[in-house]
Amino acid sequence: MSEQLKSEDIELMDRMRSGDDIALRLIYDKYWNHLYNSAFNLLKDQQACEDIIQEVFINLWNKRESIEIKISLKAYLFASTRYEVYRQVRLGNVREDIFDHVHERLITPSEYGNIEHKELLSQINSIVDKLSTKCKEVYKLSREEQLSHK
């Protein structure tokens, strides 16, 4: 069954690349709730999560002609969502208290499978590496020594 879903996603992406906005709507309807729940699991902020998911789909549409999806559309969308969450965190556009227990939320395997989990951890490590020295230190101390962010 997953192969069928994969080929359905490939077809939808091909249609979207050709400018078919109905294909975008079908992808949106198929994945919105899962992506929202993934973002909400980290942020616990309804409006921020809705904005993030909206941004993910805007980017998908704007980059539709050049996107190369290597594993699956689902994995791509989840990685994009996590990246956008971290981008918003880095920009300071989310509440500070989201950092409480974030490590536990990140390392808990999700229902979306091991491949997506590994991709997300890779994304996290990549983003942490780009943080300022002080932010990186705070993140690592909270993760490795279970210290508070304060």
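The values are calculated or read from the model by the stated rules, or taken from the named source; none is laboratory data. Model, not experiment: these values are computed from the prediction. Virtual Cβ from ideal backbone geometry, glycine too; neighbours counted across all protein chains shown. Ligands, DNA and RNA are stripped out before the accessible areas are found, and what is left, the full protein with its side chains, is counted by its heavy atoms. Shrake-Rupley method; radii C 1.70, N 1.55, O 1.52, S 1.80 Å.
Remarks
- Solvent-accessible area of T133 with every protein chain in place, 1.4 Å probe, in Å² to the nearest 10: 120 Å²
- R90-D129 pseudo-label distance in nm [points 7 Å out on the Cα-to-Cβ vector]: 1.2 nm
- Converting the Cα gyration tensor eigenvalues of region 20-71 into ellipsoid dimensions via √(5λ) gives semi-axes, longest first, of 21, 12, 10 Å.
- Going by accessible surface with a 1.4 Å probe and the largest first, K134, K140 read K134, K140.
- 26 Å Cα-Cα threshold exceeded, pairs from K6/K136; K30/K63; K44/K70: K6/K136; K44/K70
- Residue ranking by accessible heavy-atom surface, 1.4 Å probe, largest first, among R87, R25 comes out as R25, R87.
- Within the shell of other residues whose beta carbon sits under 15 angstrom from the beta carbon of I58, the net charge comes to -2, with Lys and Arg scored +1 and Asp and Glu -1.
- E65 - accessible surface, heavy atoms, 1.4 Å probe, Å² rounded to 10: 140 Å²
- Accessible area of L26 in the full protein assembly, 1.4 Å probe (Å², nearest 10): 80 Å²
- Once the C-beta distance of E50 and D20 is scaled by a Förster radius of 41 Å, the resulting FRET efficiency is 0.95 to the nearest 0.05.
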